[in-house]
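In what follows, a structure is listed as structure tokens, so that the remarks can point back to it.
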Amino acid sequence: MLVRLSFDVYSCVRVYYRYADCRRCVDVCPVENTITLENDKIKVNYENCINCGACVGNCPTESYKIQGFDLPEFYFKFIEDDNNLISCKLNVPCLSALDENYLSALCIEKERDIILDIKHCQNCSIGKQIDLINKNVEKANYILDAAGVDYRVKTQEVGYEKPESKENKRRSFLKMFVKQTASLAFWAVADKLPPIDESQTGDREFKNIVSEKVYPVKRDILINALSKVDTEDKYFEVDKIEFSSDKWIDSSCTNCSVCYNVCPTGALTSSDSKLKVLFSPSLCIKCRICHDVCPEKCIHLEEKLYISDFASKKYKVLAEHVMIPCSECLVPFSYKGDTTVCPRCRQLEDELRELLKIGD
């Protein structure tokens, strides 16, 4: 078996929080039982993989790679090319490998419409991905519209076929014959081969989630493209985008540090003094892990994300704390100006009152 796909579990958001909602790779894979969730962990059956690249392009943290197709490399080559056509018969394994980040950035950089050739999707041998393709096109065009860009991603039934000479046909036949022979030879000696080294697929046992964060390349690609557009006073509606968000924190925050410790990309972090909670939309992937783990449920989404804030790569202060020692247990806590007793001691006091029925 020739494994072309690799999965780096070390970059998956579920390493940071096993109950994360993200399952995009599972949803976009066209082959049943190839990418699955087992005990809240992603499992990949490489034998079933058809190398379409959908998981590669749609994973928010770029945990997947496919041998022979490098998305950033394709992106920069396509920008330099005069061509504006993208086809599975020309330059990508499947159109579903391009999410809204790449599609919208290509339109901005090339300053023209981008055409996706969907003619071959109807009878595709690797799985019908037309719904995913259309969804990514819709999301990309929303980005372009919100940014005030006139160009669009369009789908057309072009039906591109790469010109092939008689000599090339002969070579294709020989190539297919050699491939089949090699496959038979592999299975003949498979039981004699050494076991697969799982470290090559990124299956590591430990990750320091506090210090090791993920930064997807496609984030820089989109930000660099948007920086060339006049986006003053323009914004994304947060409920209409999946790639980022803007947030605010209410006064119930206790500075427990859980949110920024488990943030996969470092979009949430703290100041050097640990008294401020900082946030950068440029790094956020809208995984909502911070919302899920917050004990006080004090993290909220803003309605709008201003594009200038997204493209700035700057942090803003979401919460600022004054820490004092608790008058009861002396453990530091976030002082709100109302009491010098920490929440833990107050909770203990309430529980004792309830237990002893004091005040009845």
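Which ones in segment 324-360 are of a type in the set (D, E, K, R) and in a loop (DSSP other than H, G, I, E, B)?
Across segment 324-360, the qualifying residues are GLU328, LYS336, ASP338, LYS357, ASP360.
Taking segment 1-23 as the region of interest, how many residues are open to solvent by less than 60 Å² (accessible area, probe 1.4 Å), closer than 16 Å to GLY57 by Cβ and either part of a helix (DSSP H, G or I) or touching a residue at least 60 places away in the same chain (Cβ under 8 Å) (or both)? Working first, answer last.
So the first thing to find is which residues in segment 1-23 are open to solvent by less than 60 Å² (accessible area, probe 1.4 Å), and the list is 3, 5-17, 20, 22.
Filter again for closer than 16 Å to GLY57 by Cβ, leaving 5-8, 11-12, 22.
Adding the requirement that they be either part of a helix (DSSP H, G or I) or touching a residue at least 60 places away in the same chain (Cβ under 8 Å) (or both) leaves 5-8, 11, 22.
Selection size over segment 1-23: 6.
Do you know which of the residues in segment 235-255 that are surrounded by fewer than 17 Cβ atoms within 10 Å (Cβ to Cβ) and over 18 Å from the mean Cα position of the chain (by Cα) is nearest to GLU62 (Cα to Cα)?
Looking at residues that are surrounded by fewer than 17 Cβ atoms within 10 Å (Cβ to Cβ) and over 18 Å from the mean Cα position of the chain (by Cα), I get GLU237.
Within segment 327-360, which residues are touching a helix residue (DSSP H, G or I) at 6+ places or on another chain (Cβ under 6 Å) and open to solvent by less than 100 Å² (accessible area, probe 1.4 Å)?
The one that is touching a helix residue (DSSP H, G or I) at 6+ places or on another chain (Cβ under 6 Å) and open to solvent by less than 100 Å² (accessible area, probe 1.4 Å): CYS329.
So which of ASN39, ASN51, ASN33 is open to solvent by 30 Å² or more (accessible area, probe 1.4 Å), modelled with pLDDT under 95 and within 23 Å of GLU212 (Cβ to Cβ)? Before the answer, list the steps.
Values: ASN51 fails: within 23 Å of GLU212 (Cβ to Cβ); ASN33 fails: within 23 Å of GLU212 (Cβ to Cβ).
The match here is ASN39.
Tell me, which residue of segment 214-234 that is of a type in the set (Asp, Glu) and over 30 Å from VAL9 (Cα atoms) is most open to solvent (accessible area, probe 1.4 Å)?
Kept after step one, since they are of a type in the set (Asp, Glu), are these residues of segment 214-234: 220, 230, 232-233.
Checking which are over 30 Å from VAL9 (Cα atoms) leaves us with 230, 232-233.
Details: ASP230: 109, GLU232: 133, ASP233: 118 Å².
Once the filter is applied, the top-ranked residue is GLU232.
Being open to solvent by 70 Å² or more (accessible area, probe 1.4 Å) and more than 24 Å from THR340 (Cα to Cα) is the filter here; which residues of segment 268-301 pass it?
ASP272, ARG288, listed by residue number.
Restricting the search to segment 273-323, which residues are more than 20 Å from PHE243 (Cβ to Cβ), in a strand (DSSP E or B) and basic (Lys, Arg)?
Once the filter is applied, which keeps residues that are more than 20 Å from PHE243 (Cβ to Cβ), in a strand (DSSP E or B) and basic (Lys, Arg), segment 273-323 yields only LYS276.
Within segment 283-335, can you find the residues that are over 24 Å from the mean Cα position of the chain (by Cα) and without any contact (Cβ under 8 Å) to a residue 12 or more places away in the chain?
PRO325, LEU330, PRO332
Anything in segment 68-115 that is aliphatic (A, V, I, L, M) and within 21 Å of ALA147 (Cα to Cα)? List them, or say none. Walk me through how you get there before you give the answer.
Within segment 68-115, the first condition is being aliphatic (A, V, I, L, M), and the residues that meet it are 71, 79, 85-86, 90, 92, 95, 97-98, 103, 105-106, 108, 114-115.
Matches in segment 68-115: ILE79, LEU98, LEU103, ALA105, LEU106, ILE108, ILE114, ILE115.
The values are calculated or read from the model by the stated rules, or taken from the named source; none is laboratory data. The structure displayed is predicted, hence computed values, not measured ones. Virtual Cβ from ideal backbone geometry, glycine too; neighbours counted across all protein chains shown. Surface areas here come from the heavy atoms of the whole protein model, side chains and all, with no ligands, DNA or RNA. Shrake-Rupley method; radii C 1.70, N 1.55, O 1.52, S 1.80 Å.
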